[in-house]
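Nothing in this text is a laboratory measurement; each read-out follows from the coordinates by a stated rule. Computed from a prediction, not measured in an experiment: that's the story for all the values here.
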Amino acid sequence: MPPYDPAGPPLRLLARLTRCAYYDADRRRAAFAEAGQSVLGEFEGAGTLAVLSTSGSAVFLSFRGTDFDELADLLTDLKLRLIDAEVGRVHAGFSGALDAVWPALVAALPDDGRPLCVVGHSLGGALAQLAGSRLRTRADLRVVSFGSPRVGDAAFARGLTTALAGRLVRVTHDHDPVGDLPPQGLGYRHAGQTLRLLDDGDFETSDGPESADDRAAPVALRERLDDRARTHLIRHYEGSSRAGRRAVGGLRARARRRRRRRWTRCRAGRASTPPGQRRGRSRQGRARRRC
């Protein structure tokens, strides 16, 4: 994985910190210690968990992504209404989740001149961007998100991109469908520089906020949905691009095997619909599909 800025922390370290934030309380501090970090504080609220840590020369604020065992996290993701914020309009669920920990978090932030890097994956990436918008006056601030959904409207995207010029990076890859959510049709746009990891091990960057004319990842949506269960996970951002390609290649191979098995069952009369064909919605059709 390429570094996004020679002067900033390497992306692999930042991805590792976001993974550490997913661990339970008993393992979390040990994981941060293994990554060379001392934990300064942990902040947990409805739909949010953030860990403040330091390597000595820099401070890191790592937001956990969606925990599917936590109902509050799922409800946070579903509150799609845009509400007014300091910069533009933002996702109501993301804003409420950050509000739950913001007073305590801001009070704990060191103010000793050390650079601050805010990171997060998935829901945590959205919260990292929101936190960046509230801390945008800090000259030593960097914000990096992995597999983040869209956070706010076009005014938010433009304002945050301008305020954090060159210090706001969104890392994604063509097989992660979360970057397409919430849809542009609801008024959402991505902010900052985009670093897209490619299957061939290379990467491409695009500067500036997303516009209404920008297309989603060039890989077909159906293919991305086939891969989504695993390629959205933080370990595919933390690992090298070669490991990511192996993972995606393995998922594609399994999908091909499933399609071949289904064709075999169809020819043998055990399945009613060949793969790729539209299935009926009737009760009888649903019963046949269970075979």
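What is the Rg over Rh value, at two decimals, for the stretch 82-166, using alpha-carbon atoms and the Kirkwood definition of Rh?
0.94
What are the ³J(HN,Hα) values, in whole Hz, obtained from phi via the Karplus relation 6.51 cos²θ - 1.76 cosθ + 1.60 with θ = phi - 60°, for each residue of the stretch 35-48 in sequence order, with x given for Gly and Pro?
Coupling constants for the stretch 35-48: 8, x, 10, 9, 7, 9, x, 10, 10, 10, x, 5, x, 9 Hz.
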